[in-house]
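Bear in mind these aren't lab numbers, they're just calculated from the coordinates by the rules spelled out. Just so you know, these numbers come straight off a predicted model, no measurement behind them. Backbone-built Cβ (ideal geometry, glycine too); neighbour counts: all protein chains shown.
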Amino acid sequence: MLNDQGWLLSLALFMPLIGAAVVTVVPKDREGLTKQIGVFFTGVTFLLGVVVAFGFDYSRSGELQYETTVNWIDAIGARYHLGIDGISLPLFVLTGLLTFLCAIYTTKIIPSPGKPRAFLALMMLLQTGMAGTFVSFDLVLFFVFWEVVLVPMYFMIGMWGGPRREYASVKFFLYTLFGSVFMLVAFLSVYFAAGDAGIANPWDIVELSAAAGLGTSTFQTFAFLGIFLGFAIKVPMWPFHTWLPDAHTEAPTIGSVLLAGILLKMGTYGFIRIALPILPDGAMRFAPLIGVLGVIGIIYGSLACLAQTDVKRLIAFSSVGHMGFVMLGISAMNEVGIQAALYGNIAHGVVTGALFFLAGSLHERYHTREIAEIGGGMLTKMPRYGALLVYVSMASLGLPGLAGFWGEFTALWAARSPAEALVANGYSGLYLGLVIFGAIGTVLTAAYFLWLIQRVGLGTPSARWRDEPLADVMTVEWVSWTPLMVIILVMGVFPAVIFGVQQDAVTNLMVFITG
Amino acid sequence: MAIDFGAIAPELVLTATAIVVLLVDLVLKGDAKQLVNPIAAIGAVVALGFTISLWGQERTTFGDTFVVSQYTTVFKIIFLVSLLAILGVSWRYFAEGRYFQGEYYFLLLTAFLGMLIMPSARDLLLLFVALETVSLPGFAMAGLRKRSLYSSEAAIKFFLIGVISVALMLFGISMMYGFTGTTSLTGIAQSLGQWGDSPPALLLASLLLVIVGFGFKISAVPFHFWAPDTYAGSPMPVAAMLAVASKAAGFAGLVSVTFIAFEPYAEVWAPAMAVLAILTMTLGNLVALQQRDMVRLLAWSSVAQAGYMLIPFGLAISGDAAVNMAAVQAMLFYIAAYAIPNIGAFGVVIAVNRKTGYRSIEDFAGLGVRQPFMAIAMSTFLLSLGGAPPTVGLWAKFAIIQAGAQAGTTIAWVLMGFLIINSVIAFFYYLRVVWVMWMQAPRDSIAPVRPGLNLSIVTAALVAGTVVLFVLPGLISDATSITDLLAGG
């Protein structure tokens, strides 16, 4: 069977690293060749991802497939343990797809100051880091991949970013680092608790989850707090989100697409894969807090969006709101909630990734992202581009029939009847409140997107742009955007494509979380 | 009492090399004097060979005052590899400066001789001799650029403070001998037991005095103030030696006195060391933030690094062998992982400084365009010092936090908190240098950077080491994790 060929997963994971190495040895003046190599390697990586998905046994999607286990650091018993199950698979494939599309987009549009070699090498290094977090089943390995992401993203924002790139890139780096060191402390205390509990491989995520709760309840609370800080900053949850708008505003288009599309997903994935199953008591205790912070994020994000004048910053704040829905799903601590969170995760990756592509191209054309300066009339000036913007905005505000809807709807639905333990502790009233405010948030989300479309899409072009030759969607943009547009529709019409894949894995996970 | 010459072979080889270097320098004239560098390197390689041949053995000699064990072997390998790297970055620097080449290499080898003895010494007097053998050549080396006022200031500061610290330490040792009637470390540990829970105040004072003596060597706050001036004024390879090897030797001595001799009173010195650790890392990082001179930045950063290395001492628990062992192993791993990028960072500064004399952070502007290899190397080293991937520095932080989580005491959690805050602060200035190198345009008419072959090879090797050890940290940790401090001692 294909799905016990562990090497295939490793190959798919490290292919971008090979690509990065190859790109760096291309002569400096061969820019065209550099970009082709970038497309080639990300394309091969994506194909390998497709092969992995093809060979995946969907009838056993709750189990780890393509498993590899090799001893790595003997002194601490860390192992190179890779695998993929129904939760990891969509995220892994999404990583391959988005990076491939970014490489295609880069062939024609590369941010100043150019340097495609360095740009593509960093992008592929970033890809390995991101993809690695989704398939690592050893806490140390997970942590390493988690940290690998920092440096390329720092350089991406720092070298190709906007005017305030120094501030934004350092803020991104320090913020994330701060969280991840807390996380490391928590991981290590889990490791020692697991050693005391007699677990054979105390770093192994599978074995740790199966242990069904380590240490005392106090231990779990503190360990969860450490892990919570690491993941909450990455998600980002309100009030740890302040790095995000700055990073997105300054990052180049590709950086924003990957940041919103995949990087943020690492945080929610970490909650679901690591924090909840390994520390169920701590998670149960923190769940109401997560829910409240999530809903504050929803309301705050949408209110902040209403106040933004910069299109890209608006999309960045909309991420805070959307990730709030994902966290609300997690806080319900039931099967529907986890499903909703994972679904919303992927939907947000696709939709917001597409939105950032659109925002980048907007800047390419208007050389500004100020809503007031752009004025109205995009639908008459650039009808195809305008239509795409409307389409993706609709998906993002949660229009039924498009991808964004299911994540938000099911999250609210799940929070309506949270886990029994939460109800028993008298939190049902709180969760009802969360659902109500979350629902208000969906209305606000619709409001700011519709207002955005009204301001830039409708009406007639202003005098400044009326006679400017603004190109409509270019070929390279069609190529790199069409897959996302199709996925948005497919996920909206057949949500089962994602829910079905995840089902067994989530069911297994719930056993660990609620016993 | 027969002497086990096999056990002291590395030290003998280094002694012989030092003498040969001094003689050869007398005989040779002019450019031929450069030959002393390869001679010293050959000596270091031979010593390294003998050290590795002692791998896994446990021997003692000189009446149990000198031990060879896994622990000492790991330390000696760190020292000898550092020596080779420092020889590599020294060649051009001294060959072009044309001053005192023979003397420099003789002093350098002598200092390293003291370092090799340090981890093996199991007697307060031998420790004292080793410490002096490290320090005295250091004073002279710091002042080698004798036409430079800064260099003279560096030497005199280093000398005065070094002498005071030695005096304090000797005072402590003499009182310790008065109380326990022995200078043997294990003997002291046994003898200390007789006071139980109520030791006389003077005994504790003498214990702290001995620790303070080492505190100067490792530039722990508040005994640090010589370090930045001395590093900035010394010839740069000497600064690298002081920041890495000499400091590691100080830690080797400190481990011996605290974890072996004073182990019964860990509840007295561990909190004191924890306070020192917190002060050292916090002050070092905060002052490093303000620096504009690259060497001073590295100097303060190395003060902060000493703070991280002190954390394991704060974790010690009297009688808990598992926690103490983990603490020593974490410190050993940290020292090994820190030596590589720190020598490398000094190497890059030497490369940029060479011929041009530039050393402020602004002079590194646009290094990514002017000399991409050096910029990549410097970025890697700085990321490693901070503890970010893809570098071995990540595992160094990991090792310290691991020891902290294993100890699990209140002190440990407080230390972890400070470690987290300080790693964030540290990145602020490390990243600023990275930023300047890659994202700032170089000044017009700035002289090109020509590192020279040796320096490039050493730098490349150190970059490779930093990255390879990131992927396979087991190469260090397999060695450090089986070290047993007390074996044979």
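Partner chain Cβ atoms within 10 Å, averaged over the residues of A:73-82 - can you pull that number for me? Mind showing how you got there, number by number?
Details: counts 10, 4, 13, 8, 0, 4, 0, 0, 0, 0.
So the per-residue partner count for this stretch is 4.
Could you put B:Thr459, B:Thr73, A:Thr218 in order, starting from the residue whose Cβ has the fewest other Cβ atoms within 10 Å? Present the calculation step by step, with values, prior to reporting the outcome.
On the way: B:Thr459 28, B:Thr73 23, A:Thr218 10.
With the sparsest Cβ surroundings first, the list reads A:Thr218, B:Thr73, B:Thr459.
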Query raised in the report: Which angle between 0 and 90 degrees, to the nearest 10, do you get for helix B:393-407 versus the longest principal axis of chain B when only C-alpha atoms count?
Result: 20 degrees
Report task. Could you tally the net charge around B:Trp300, taking each other residue with its Cβ under 15 Å from the Cβ of B:Trp300, Lys/Arg +1 and Asp/Glu -1? Result -> +3
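Please sort B:227-239, B:268-280, A:106-118, A:502-514 by packing, taking for each peptide the average over its residues of neighbouring beta carbons within 10 angstrom, highest first. Before the final figure, lay out each step's value.
Numbers: B:227-239: 25.4, B:268-280: 21.5, A:106-118: 17.4, A:502-514: 19.5.
The peptides rank, most packed first, as B:227-239, B:268-280, A:502-514, A:106-118.
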Report summary line: So, relative contact order of chain A in percent, Cα under 8 Å, 6 or more apart, is 15 percent
Report task. Rounded to the nearest Å, what's the spacing between the alpha carbon centres of region A:76-154 and region B:59-113? Just the number, please. Result -> 42 Å
**Report entry** Residue exposure sequence - A:Ile84, A:Ile205, A:Ile299 - by fewest surrounding Cβ within 10 Å
**Finding:** A:Ile299, A:Ile205, A:Ile84
Query raised in the report: To the nearest 10 degrees, how steep is helix B:70-97 against the longest Cα principal axis of chain B, on a 0 to 90 scale?
Result: 30 degrees
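Just checking the output field for B:430-437: average partner chain Cβ neighbours within 10 Å of each residue's Cβ? Let's see the in-between values first.
Numbers: counts 0, 8, 2, 0, 7, 8, 0, 0.
If you average over the peptide's residues, the count of other-chain Cβ atoms is 3.
Taking each residue of B:405-415 in turn, how many C-beta atoms of other protein chains fall within 10 Å of its C-beta, and what is the average? Walk me through the numbers on the way to the answer.
Numbers: counts 11, 5, 1, 4, 0, 0, 0, 1, 3, 0, 0.
Rounded to a whole number, the mean comes out at 2.
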**Report entry** Charge-dipole axis of the protein assembly as shown as Lys and Arg at +1 and Asp and Glu at -1 on Cβ define it, positive-most pick from A:Gly433, A:Val336, A:Phe14
**Finding:** A:Phe14
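If we count other beta carbons within 10 Å of each Cβ, what is the order of B:Ile156, A:Ile104, B:Ile78, A:Ile374, fewest first? Intermediate values should be presented prior to the final figure.
Details: B:Ile156 17, A:Ile104 20, B:Ile78 27, A:Ile374 23.
With the fewest neighbours first, B:Ile156, A:Ile104, B:Ile78, A:Ile374 line up as B:Ile156, A:Ile104, A:Ile374, B:Ile78.
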Query raised in the report: Which far-off residues, 5 or more places away or on another chain, put their amide H under 5 Å from the one on A:Asp138, with H placed in the peptide plane?
Result: A:His81, A:Ile205
Report task. Can you grab the distance from the C-alpha centre of region B:356-385 to the C-alpha centre of region B:428-461, Å, no decimals? Result -> 2 Å
Report summary line: Shape call for region A:372-515, from the Cα gyration tensor axes a ≥ b ≥ c (a/c under 1.5 means rounded, otherwise prolate when a/b beats b/c, else oblate), comes out oblate
Query raised in the report: What order do you get for A:412-421, B:317-326, B:20-29, B:340-349 when each peptide is scored by the mean count of other beta carbon atoms within 10 Å, highest first?
Result: B:340-349, A:412-421, B:317-326, B:20-29
Report summary line: From DSSP H assignment alone, runs of 4+ in chain B each adding -39500 (n - 2.57), the sum over residues rounded to the nearest 500 puts [θ] at 222 nm at -24500 deg cm²/dmol
Query raised in the report: What value, in deg cm²/dmol to 500, does the helix sum -39500 (n - 2.57) over DSSP H runs of n ≥ 4 give at 222 nm once divided by the residues of chain A?
Result: -24000 deg cm²/dmol
Query raised in the report: With θ set to phi - 60° and the Karplus curve 6.51 cos²θ - 1.76 cosθ + 1.60, what are the ³J(HN,Hα) couplings of region B:208-223 in order, to the nearest whole Hz, using x for Gly and Pro?
Result: 5, 4, 4, 5, 4, x, 6, x, 5, 4, 8, 6, 7, 5, x, 10
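To the nearest 20 Debye, how big is the dipole of the protein assembly as shown about its Cα centre, given +1 on the beta carbon of each Lys and Arg and -1 on that of each Asp and Glu?
Numbers: 48 positive and 51 negative charges, 598 e Å.
For this selection, approximately 2880 debye.
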Requested in this report: Using only Cα atoms, tell me the angle between helix B:124-142 and the longest principal axis of chain B; keep it within 0 to 90° and round to the nearest 10.
Outcome: 20 degrees
**Report entry** Size of charge dipole - region B:172-316 - debye, nearest 20, with Cβ of Lys, Arg +1 and Asp, Glu -1, no other charges
**Finding:** 340 debye
Report summary line: If each part is reduced to its alpha-carbon centroid, region B:126-159 and region A:163-229 end up apart, in Å, by 45 Å
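Order of B:178-186, A:460-468, B:85-93 by packing, highest average Cβ count within 10 Å first? Working shown, then result.
Numbers: B:178-186: 17.7, A:460-468: 12.7, B:85-93: 23.9.
The densest-packed peptide leads the list: B:85-93, B:178-186, A:460-468.
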